[in-house]
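Accompanying notes for the structure given below.
The values are calculated or read from the model by the stated rules, or taken from the named source; none is laboratory data. Bear in mind that the values here come from a model prediction, so they are computed numbers and not experimental data. Every residue, glycine as well, gets a Cβ built from its backbone with ideal geometry; the counts of neighbours run over all protein chains shown.
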Amino acid sequence: MRISKLFCTALMISLSFAGCKESKQNTPPQKVEQAAPVAVQQVNSFAPDTSQNRLADIIAGKYKPFTADKAYKKASDDMQKEWESLKEKKHTPIRTWMNKNYDGSVKEAKSLYYPFGGPDFSYAFAFYPNVKNYILVGLEPVGSLKDLGNFNLKSSTQFLNDMKQVLFYSIRFGFFRTKDMKKQFNDESGALNVMLFFLKQYNADLGKITLLKWDNGTLKEMDVNDKSKADCVHIDFQIDKVSHNLYYFSQDLSNSGLKKRPYFNEWVSKQGTFCSLVKSASYLMHIDPFFDVRDFLIKNSIFHLQDDSGIKYCDMLKNKKKVTLFGAYTQTISAFSHRGQPDMKKAYESKNILGLPFSIGYNVVFRQTNIQVMQ
């Protein structure tokens with residue numbers, strides 16, 4: 001399959017060539033003041049949920065009663081091989097690199113904000129395992145707990161076979177192909193099943209899972225009889241006995257989408273000081289319809305890590321940010337040839353650019369990985 005198929009959606013919304021002069025910098029956005037962290041619910045201690053853990057084990061191929069079935073066990077074993085390979089080739093080198101270079105820089109961050117990440121808890125935890133809150137955002141529907149409860153031997157086996165394909169390309173490219181991920185998304189199970197799968201691969205112990213909906217700017221727990229779509233899901237979990245919160249929002253991050261929900265950025269800020277991650281983001285923040293999310297990251301993230309598909313190099317510099325470059329950058333893939341950054345390419349020609357021990361992002365198709373760190 002040609003890589004260009006990954007980007008058909010992004011190409012439909014992309015504009016013609018946009019240089020730094022596109023940036024509307026005449027009136028810099030006001031920085032959102034960091035408020036005291038406000039949680040959706042006050043949790044005094046972690047309480048594991050037996051039923052949710054059982055459900056997630058079924059989804060993740062770790063439910064022992066099902067392993068007596070040959071098809072389920074084979075699907076589970078095959079998927080697990082792909083996961084172990086992903087850990088070896090991506091997650092472990094990422095963790096080693098972060099630990100060596102930047103763990104001290106993010107120790108004050110309470111949250112990770114991961115726009116355009118969808119349900120990709122896999123890389124969120126690889127880069128930032130020590131934050132309290134994970135805030136993931138995508139266009140995919142949240143999903144339904146009722147539908148997940150209907151997972152049986154047959155549907156679980158099919159899910160594992162599909163996830164094997166998802167992991168196969170993540171190992172090779174360092175991002176998830178939209179085509180593969182869509183197999184897992186529908187209005188019922190949505191992104192929730194994928195996040196539960198990733199959590200269990202990290203041996204997470206699950207607590208309460210809460211579906212949430214915006215009500216006059218406030219996130220409120222949905223009634224069990226409410227059949228409307230959730231705006232957010234909150235997953236209470238522990239890894240190595242350390243408690244965390246995972247929030248996934250089905251949210252349009254375009255200027256118009258944020259205008260409809262002006263309280264979304266405010267909510268993110270109220271979760272405490274945050275760091276951020278952007279990768280394989282279709283260069284959306286290079287164009288006018290996504291300048292608001294770009295400006296929010298520049299003004300509020302204490303530590304931002306991205307590849308070249310995130311914020312333009314010149315926009316970070318214009319805002320007097322310290323930007324450190326890693327890896328190599330000479331070109332973009334053909335689908336985004338109009339998103340090249342000559343100024344950043346020139347900066348990368350310096351002999352002082354450090355390499356990377358892992359490969360992620362679109363440019364792996366020609367054996368390049370680039371990372372920019374903004375502080």
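Structure above, values below:
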read-out	value
Leading residue by the ranking (surrounded by the most Cβ atoms within 10 Å (Cβ to Cβ)) among those in the range 328-344 that are out of contact with any helix residue (DSSP H, G or I) (no Cβ under 8 Å at 6 or more places or on another chain) and either part of a helix (DSSP H, G or I) or in contact (Cβ under 8 Å) with a residue 40 or more places away in the chain (or both)	His338
Candidates Tyr329, Tyr348 - the one that is hydroxyl-bearing (Ser, Thr, Tyr), more than 18 Å from Tyr123 (Cβ to Cβ), modelled with pLDDT of 95 or more and touching an Asp or Glu at 6+ places or on another chain (Cβ under 8 Å)	Tyr329
Selection from the range 244-280 of residues that are in contact with a Phe, Trp or Tyr (Cβ under 8 Å, 6 or more places away or on another chain), outside any loop (DSSP other than H, G, I, E, B) and either at pLDDT below 95 or of a type in the set (A, V, I, L, M, F, W, C) (or both)	Leu246, Phe249, Leu258, Phe264, Val268, Phe274, Cys275, Leu277, Val278
Met98 vs. criteria touching a Leu at 6+ places or on another chain (Cβ under 9 Å), under 16 Å from Ala126 (Cβ atoms) and either assigned to a helix (DSSP H, G or I) or touching a residue at least 12 places away in the same chain (Cβ under 8 Å) (or both)	yes
Every residue from the range 290-325 that is buried (at least 20 other Cβ atoms within 10 Å of the Cβ), within 24 Å of Arg367 (Cβ to Cβ) and touching a strand residue (DSSP E or B) at 6+ places or on another chain (Cβ under 6 Å)	Leu305, Gln306, Asp307, Asp308, Gly310
Subset tally (residues that are in contact with a Lys or Arg (Cβ under 9 Å, 6 or more places away or on another chain) and either basic (Lys, Arg) or more than 21 Å from Asp252 (Cβ to Cβ) (or both)) for the range 204-223	5
Top-ranked residue of the range 345-374 - restricted to ones that are assigned to a helix (DSSP H, G or I) and among the basic types (Lys, Arg), ranked as surrounded by the fewest Cβ atoms within 10 Å (Cβ to Cβ)	Lys346
Single match in Ala60, Ala109 (criterion: in contact with a Cys (Cβ under 8 Å, 6 or more places away or on another chain) and within 20 Å of Tyr123 (Cβ to Cβ))	Ala109
Residue check, Phe116 touching a residue at least 24 places away in the same chain (Cβ under 8 Å) and closer than 23 Å to Gly190 by Cα	yes
Index of the failed condition, Phe125 passing every other in (1) assigned to a helix (DSSP H, G or I); (2) touching a Ser or Thr at 6+ places or on another chain (Cβ under 6 Å); (3) within 18 Å of Met195 (Cβ to Cβ)	(2)
Selected residue (only one of Ser276, Ser280 is within 11 Å of Pro115 (Cβ to Cβ) and among the small types (Gly, Ala, Ser))	Ser276
Criterion (touching a Gly at 6+ places or on another chain (Cβ under 9 Å), surrounded by 21 or more Cβ atoms within 10 Å (Cβ to Cβ) and among the small types (Gly, Ala, Ser)) met by exactly one of Ser280, Ser243, Ser250	Ser280
Those residues of the range 280-323 which are at positive phi and in contact (Cβ under 8 Å) with a residue 60 or more places away in the chain, in sequence order	Ser280, Ser282, Tyr283
Condition check for Lys154: of a type in the set (Lys, Arg), more than 20 Å from Leu212 (Cβ to Cβ) and touching a residue at least 24 places away in the same chain (Cβ under 8 Å)	no
Whichever residue in the range 77-132 is at pLDDT below 95, among the polar types (S, T, N, Q) and in contact with a helix residue (DSSP H, G or I) (Cβ under 8 Å, 6 or more places away or on another chain) and, among such residues, is surrounded by the fewest Cβ atoms within 10 Å (Cβ to Cβ)	Ser85
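Here's the yes/no breakdown for (1) without any contact (Cβ under 8 Å) to a residue 24 or more places away in the chain; (2) under 20 Å from the mean Cα position of the chain (by Cα):
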residue: Asp226; (1), (2): yes, no
residue: Lys229; (1), (2): no, no
residue: Ile235; (1), (2): no, yes
residue: Asn265; (1), (2): no, yes
residue: Val278; (1), (2): no, yes
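Results for (1) of a type in the set (Gly, Ala, Ser); (2) touching a helix residue (DSSP H, G or I) at 6+ places or on another chain (Cβ under 6 Å); (3) at pLDDT below 90; (4) in a loop (DSSP other than H, G, I, E, B), shown as yes or no for each residue.
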site	(1), (2), (3), (4)
Leu167	no, yes, yes, no
Phe176	no, yes, yes, yes
Lys179	no, no, yes, no
Val194	no, no, yes, no
